[in-house]
Each structure stands twice: as structure tokens, then as C-alpha cells.
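S.K.: The structure that follows is given in the form of C-alpha cells.
Each value in this text was obtained by applying a stated rule to the coordinates, not by laboratory testing. Note that the coordinates shown come from a computational prediction; the quantities given were computed from them, not determined experimentally. Every residue, glycine among them, receives a Cβ derived from its backbone with ideal geometry; neighbour counts consider all protein chains shown.
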Amino acid sequence: MTESTRRTRSCRLCDAGLETLLCDLGLSPVSNALVREEDLERGEVFHPLKLWLCENCKLVQLEEFEPPEAIFDHDYAYFSSYADSWLAHCRRYVAHVVERFGLGAEHRVVEIASNDGYLLQYFLERGIPVLGIEPAANVAEAARAKGIPTEQCFFGAATAQRLLAEGVRADLLVANNVLAHVPRLNDFAAGLALVLAPRGVLTVEFPHLLELLRNNQFDTIYHEHFSYLSLFVVEQLFERHGLRVFDVQQLPTHGGSLRVFACHRDDPRPEEPGLAAVRRLERAAGIDTHAGYGDFSRRVVETKLALLETLIALHRQGLRVCGYGAPAKATTLLNYCGVGPELLPFTVDRSPQKQGRYIPGVRIPIRAPQEIDRLRPDRILILPWNLTDEITAQLDHARRWGARFVVAIPRVRTLP
Ligand SMILES: [Zn+2]
């Protein structure tokens, strides 16, 4: 707690001072704190959203701003089990690891940040014992209601010690899309090393920094997302805690992710070709040098101008516009660009937890997807651009009344 509330500008991996500001997105509210109807007359807390580069280890990161307990509170609105493409991705992952590592009833799979059991359910189906670790109380409860053993707590070295004392060891340890959200990276990695069985496999997925830089994905910068990771940095982190990477896969999820496979340092597993391939890719992009971070902030400003130009032009033409989706990245995009309900009167989301609430800061209302059929907008701005194919397929019928789709990232464009 004291460590996570500390306000120093030093690298959360190597502790060097942070001097290089990569991008300044101004002030933004916490992206997942969707505003309720009854709170509309209240104010919101805005925090600086600045992305720093550690010149020593090259970890790209936010400064800490508030303890994670305040982010993952009881009201945390995100439940994983909604996007079809995401569940298909999870199912393929389970099939892959069960086959590759010969997992069965005598093994145990432990997942950190297991959400509502979206992933572990597929291991359970195959008779493999599981344990989920999930910090958000209502989400952990939803998992238990589905029959998925889940402990409600934050993961770190202390939690790992307790699990060890209870005899829990992970033959497969999964930490998907959580590393970026961890305030104390070293404590978290120390916990992973503790709970991993001697010949166990750790798999970690995270959005790839290379894609963020290359494809201008600045809306994935938000306060809950402390670190923006490359293989280069993750190998340094694991190395500090007696772990080593032996394979890497490149995934299309979240606009381009890495799935890193790691084991204990003394595990004799050979390095797979995927590891060398991603190392080469990162080196070619200069991710290990200052030069690799180039003109990112200029492209961010360009996107803001282009999105405003587009929405203002649509407004002047009298066309009706709405959004699709209310992901965390919408909070960053819309607040940074200054897009309020005058330019985007509402958005829709399939998650019932989000419907009836408002995007933080800009206060754009979130409605049920049926509103699109009722109001027949002329343009639909797809906010979770990583799901563009899925969403345009779902809304294909909207083309019949002449609706067209707009995306803002990597550049603002109207889809054909
Ligand atoms: Zn560093």
C-alpha cells in the first residue's frame, strides 16, 4: 500500500529516474469508472495521463497515480464473457496448451486475474483442476457462481507465499492481460516464480508495445494500464526473478499482442524459433534504443485533429452519429479529443452492466445495441477498433439504411 501510493518518478522495473516524456494526453478520469445516472450532478476526479520512457531498461510506463484498490473496486464494470471473438481466442489457447504440455486431471491450472472464469471454464470442461485469482469482488463472485474455484485477492509475492503454504503449485500458470495492470511489477513477477511448479509453464499475454507505437494505439493508454510492454522488457523482468522465456507467439488480439511462454531458469526446455523471431523484430524497430520511439506524440495530436474534423463535418451536414462499444479505450480517446455528446450523442454496448451508464468525463450515454436499429444513425464510430470485423459483421444490416462505419485508430477513416 505505501509503495503503491508513493509519488516518485522512477521506473517501476529498474528504479532509474524517468526523464523522457513520450506523450501527454492531458487530464483524464479513470477509464472504467462508468458514471451512473444518479451521479450525473457530481464531479469526477481527473488525473494526468502521461506516458514515460525509462532510458535505462526501456519500460514505457505511466507514473503511479492512485492505489489499485480504488480502480478494481466492487463496482468494477468489466466482465470478460461478452465478445465472441475473445472467447474463441480463449478456447483455441486452451486446446493449444493442453495438447502441447500434456495437461490432465493430475495437474493444476492457476490463472491470475481470472475475471468471471471466461478462460478457466474451458480447462474445467476437460477435467483439469483450476484456481482463479481475481481482485474484484463482484467478478470473483460471478466466477464462483459458475462453479469456478476463485480466490478474491490481489496477486503478488505475499499471495504466492500463502498459496504455497496451502499446497498450491501451478503446472500451468496463466497471466493474460494483467501484467500491464500491475503496479508493482517486481513483486508480481516474484510471486509468479514462487507459485510456478518446478517444471511448470507460465504464459503471459500482453498488448505489444511495438503495435502501440506503429499503429498509433494511444487510446490504449489509460490509468489502469501502468506498463506498455515489449519482449525486450519482459525478458529483463523475468530474468530478475529466476524465470526465462522459451517461446513467443504473436497474436492479433487487442490490436497485436504477444504470448510469452516462460519457465524456471534451470528448466532444460529448449528455446523455440518464435523467441528469436520477435527479438529480431523488436531490435529492427529500435525498441531497445531511444530512436525507436520517434514521432509518436506528433501522430497522437494528428489523430485528435482528424477525428474532430470528421465529427464536426458530419454534424454540420446534419448527419446522425453514434458510437459502438464503451471500452476503457473510449474514455481516453473521447476525453483526449474533447468529443462530448454534442458530437457523439450516445454509444451502445452489449454488456448490460454498462447500459444506462455514461462514459467518464465526457458523459456520453451508453445504451443497448437495439438503439441503433431504432434510431438508424448515418455513421457509427467503432470505439473498440480491435473488434472492427466482428462489429461490422453484426451490424451489417445497418448498411441497408445507408449507415457507414468510422474508426479512429490507427488513423481516422470511414470504412467502405
Ligand atoms: Zn527502467
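S.K.: For region 297-414, calculate the relative contact order in percent as a whole number, restricting contacts to Cα pairs under 8 Å that are 6 or more residues apart.
M.R.: Once divided by the residue count of region 297-414, the mean separation gives 27 percent.
S.K.: Oh, and also: Which distance in nm do the two modelled labels at Arg91 and Ala393 give, with both placed 7 Å along the Cα-to-Cβ direction?
M.R.: Calculated label separation equals 1.2 nm.
S.K.: With a cut-off of 14 Å, note down the residues of region 12-35 whose backbone N falls inside the zone around a label point 7 Å from the Cα of Val301 toward its beta carbon.
M.R.: Under cut-off, by backbone N: 22-26.
S.K.: Which Cys residues of the chain have no other Cys beta carbon under 4.7 Å away?
M.R.: Cys23, Cys90, Cys153, Cys263, Cys322, Cys337, each lacking another Cys Cβ under 4.7 Å.
S.K.: With the convex hull built on the Cα atoms of region 147-196, state its orientation-averaged projected area in nm².
M.R.: On the way: hull surface 15.3 nm².
In nm², the orientation-averaged hull projection of region 147-196 is 3.8.
S.K.: Specify, per residue and in Å³, the volume enclosed by the convex hull of the alpha carbon atoms belonging to region 239-292.
M.R.: Residue-normalised Cα hull volume stands at 100 Å³.
S.K.: Using Cα pairs under 8 angstrom and six or more residues apart, how large is the relative contact order of the chain, in percent? Working shown, then result.
M.R.: Working: 822 pairs, mean separation 62.4, N = 416.
Once normalised by length, the contact order is 15 percent.
S.K.: Quick one: which residues, 5 or more positions from Val201 or on another chain, have an amide H under 5 Å from its amide H? H modelled 1.01 Å from N in the peptide plane, none for Pro or chain starts.
M.R.: Leu172, Leu173
S.K.: Of Leu343, Cys322, Val407, whose Cα points farthest to the positive end of the dipole of region 297-414 (charges on the beta-carbon: +1 Lys, Arg; -1 Asp, Glu; origin at the Cα centre)?
M.R.: Of the options given, the answer is Leu343.
S.K.: Search the structure for amide H atoms under 5 Å from the amide H of Asn176, placed 1.01 Å from N in the peptide plane, and list their residues when 5 or more places away or on another chain.
M.R.: For Asn176, whose amide H was placed from the backbone, the distant partners under 5 Å are Ile112, Glu205.
S.K.: Still on this model: For Thr20, put the label point 7 Å out on the Cα→Cβ axis and report which residues of region 34-62 keep their amide N under 19 Å from it.
M.R.: Counting backbone N atoms under 19 Å from the label point, the list is 50-62.
S.K.: Another question, if that's okay. Quick one: what does P(r) look like for the chain with 20 Å bins over all Cα pairs, in whole %?
M.R.: Each 20 Å bin holds this share of Cα pairs: 26, 58, 15, 0.
S.K.: Taking Cα pairs under 8 Å and at least six residues apart, what relative contact order does region 347-394 come out at, in percent? Display every interim value, and only then the final one.
M.R.: On the way: 37 pairs, mean separation 13.7, N = 48.
Once divided by the residue count of region 347-394, the mean separation gives 28 percent.
S.K.: Also: Of Trp86, Trp401, Trp385, how do they rank once you tally other Cβ atoms within 10 Å and put the fewest first?
M.R.: Fewest to most other Cβ atoms nearby, the residues stand as Trp401, Trp86, Trp385.
S.K.: Amide H neighbours of Ser257 under 5 Å, counting only residues 5+ apart in sequence or on other chains, H built in-plane at 1.01 Å?
M.R.: His208, Leu251
S.K.: Now for a different question. So, counting K/R as plus one and D/E as minus one, what does the shell of residues with Cβ under 9 Å around Asn176 add up to?
M.R.: Working: positive: Arg259; negative: Glu111, Glu205.
It works out to a net charge of -1.
S.K.: Sticking with this structure for a sec: Among DSSP beta bridges lying fully in the chain, give the percent that are antiparallel, nearest 5.
M.R.: Numbers: 31 of 57 bridges.
Percentage antiparallel, nearest 5: 55.
S.K.: How about region 13-56: which trypsin sites (Lys or Arg not before Pro) there are in a DSSP loop, with at most 13 other Cβ atoms within 10 Å of their Cβ?
M.R.: The qualifying sites are Arg36, Arg42.
S.K.: Using 0.36 nm times the number of residues separating His315 and Trp401, minus their current alpha carbon distance, what extension gain do you get?
M.R.: Numbers: separation 86, 0.36 × 86 = 30.96 nm, distance 1.85 nm.
Computed gain between His315 and Trp401 is 29.1 nm.
S.K.: Taking the Cβ of each residue in Phe155, Phe46 as the centre, tally the other Cβ atoms inside 10 Å and list the residues starting with the fewest.
M.R.: Ranked by crowding around the Cβ, least crowded first: Phe46, Phe155.
S.K.: Same structure, new question: Among Arg199, Arg400, Arg379, which one shows the biggest mean-square fluctuation in a GNM of the chain, springs joining Cα atoms closer than 10 Å?
M.R.: The residue with the greatest mean-square fluctuation here is Arg400.
S.K.: Then there's this: Could you state the principal axis extents of the C-alpha atoms in region 189-292, from the largest down, to the nearest angstrom?
M.R.: 40, 30, 25 Å, listed from the longest principal axis down.
S.K.: Over all distinct alpha-carbon pairs, what is the Kirkwood Rh of region 2-65 in angstrom?
M.R.: Result for region 2-65, one decimal place: 13.5 Å.
S.K.: In terms of the Cα gyration tensor, with a ≥ b ≥ c the square roots of its eigenvalues, is region 297-414 rounded because a/c is under 1.5, prolate because a/b exceeds b/c, or oblate?
M.R.: Because its axes are fairly even, with a/c under 1.5, region 297-414 counts as rounded.
S.K.: Considering only the other residues whose Cβ falls under 15 Å of the Cβ of Arg283, what net charge follows from Lys and Arg at +1 and Asp and Glu at -1? Working shown, then result.
M.R.: Working: positive: Lys58, Arg214, Arg279, Arg280; negative: Glu235, Glu282, Asp288.
Net of charged neighbours comes to +1.
S.K.: DSSP loop GluC sites (Glu not before Pro) in region 81-115 with at most 12 other Cβ atoms within 10 Å of their Cβ, which ones?
M.R.: Qualifying residues, ordered by number: Glu106.
S.K.: Let me ask another. As a footprinting exposure proxy, order Asp373, Asp295, Asp349 by other Cβ within 10 Å, with the fewest listed first.
M.R.: Least crowded to most crowded, the residues run Asp295, Asp373, Asp349.
S.K.: Loop only by DSSP, 10 or fewer other Cβ within 10 Å of the Cβ. Give me the GluC sites (Glu not before Pro) in region 125-196 that pass, ordered by residue number.
M.R.: Those that pass, being in a loop and sparsely packed, are Glu166.
S.K.: From the cross-link list Lys146/Lys329; Lys50/Lys329; Lys58/Lys354, which pairs have alpha carbons spaced over 24 Å apart?
M.R.: Working: Lys146/Lys329 29 Å; Lys50/Lys329 15 Å; Lys58/Lys354 36 Å.
Lys146/Lys329; Lys58/Lys354, as the Cα separations exceed 24 Å there.
S.K.: Which of rounded, prolate, oblate describes region 271-316, given a ≥ b ≥ c as roots of the alpha-carbon gyration tensor eigenvalues and a/c under 1.5 marking rounded, otherwise prolate only if a/b is larger than b/c?
M.R.: Here region 271-316 falls in the oblate category.
S.K.: Still on this structure, I have one more. Can you compute the helix-only [θ] at 222 nm over the chain? Use -39500 (n - 2.57) per DSSP H run of at least 4 residues, normalise by all residues, nearest 500 deg cm²/dmol.
M.R.: -9000 deg cm²/dmol
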